[in-house]
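For reference, the structure discussed in these notes is given below.
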Amino acid sequence: APVVVGEGRRTFSVRGFPAASTYGTRAATASLEYRAPLVLASRGIGLLPFFLDRSSLTLFGDYGIATCASDPLYRSTCAPSPRVGRPIASAGAELLLSAAILEWDTPQTLRFGLAAPVVGRERAGAKAVTPYLAFGFSF
């Protein structure tokens, strides 16, 4: 039987930054969100298989930092020196829709958002504002 040490690679996300903006052997992130309900419809459109459950507006701030062991086993495990150990952060807003599409019983959560990097944008090569579409809750 194979022996597994650790859980392998994991990603951490700071909205508005491209994947692998920073990485290392240790990482920490934090998110602060304020969610305001918009509509609690809980209704469908006639007999069509579309059902809007609820919607909300979220304002958020994300922060993340990745660091590296002083002598990692593989150098490729750590981001280049201008990025590793330096924080990245973003702020933005998103519209959350909980809707059942093509079925009545199981609503899915769709999030449409805009994220603006506020710390580390130049180092990571991120755009000034990034739109995104995501499925499921943010955390």
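Every number in this text was worked out from the coordinates using simple rules, so none of it is lab data. What you are looking at is a predicted structure, and each value in this text was computed from that prediction instead of being measured. When we count neighbours, we look across all protein chains shown, and the Cβ atoms used for this are built from the backbone with ideal geometry, even at glycine.
Descending by average beta-carbon neighbour count within 10 Å, the peptides 60-66, 125-131, 41-47, 21-27 line up as 60-66, 21-27, 125-131, 41-47, the highest first.
What percent do you get for the relative contact order of the chain when only Cα pairs under 8 Å and 6+ apart count?
25
Return the label of the correct value of Rg and Dmax of the Cα atoms in Å, as calculated from the structure shown, out of (1) 19.0, 63; (2) 14.3, 46; (3) 16.7, 51. Working out Rg and Dmax of the Cα atoms in Å from the coordinates points to (1).
Counting only Cα atoms, the stretch 60-101 measures 49, 23, 12 Å along its principal axes, largest extent leading.
Compute, for the stretch 43-139, the length of the dipole vector about the Cα centre, with Cβ point charges of +1 (Lys, Arg) and -1 (Asp, Glu) only. Units Debye, rounded to 20.
Dipole of the stretch 43-139, to the nearest 20 debye: 400 debye.
Neighbours of Asp53 by Cβ distance under 15 Å: Lys/Arg scored +1, Asp/Glu scored -1, total +2.
Applying 1/(1 + (r/R0)^6) with r as the Cβ-Cβ distance of Arg54 and Val118 and R0 = 30 angstrom yields a FRET efficiency of 0.55. Applying 1/(1 + (r/R0)^6) with r as the Cβ-Cβ distance of Ala128 and Thr29 and R0 = 30 angstrom yields a FRET efficiency of 0.90.
The value for the stretch 23-80 of Rg(Cα) / (2.2 N^0.38 Å) is 2.08.
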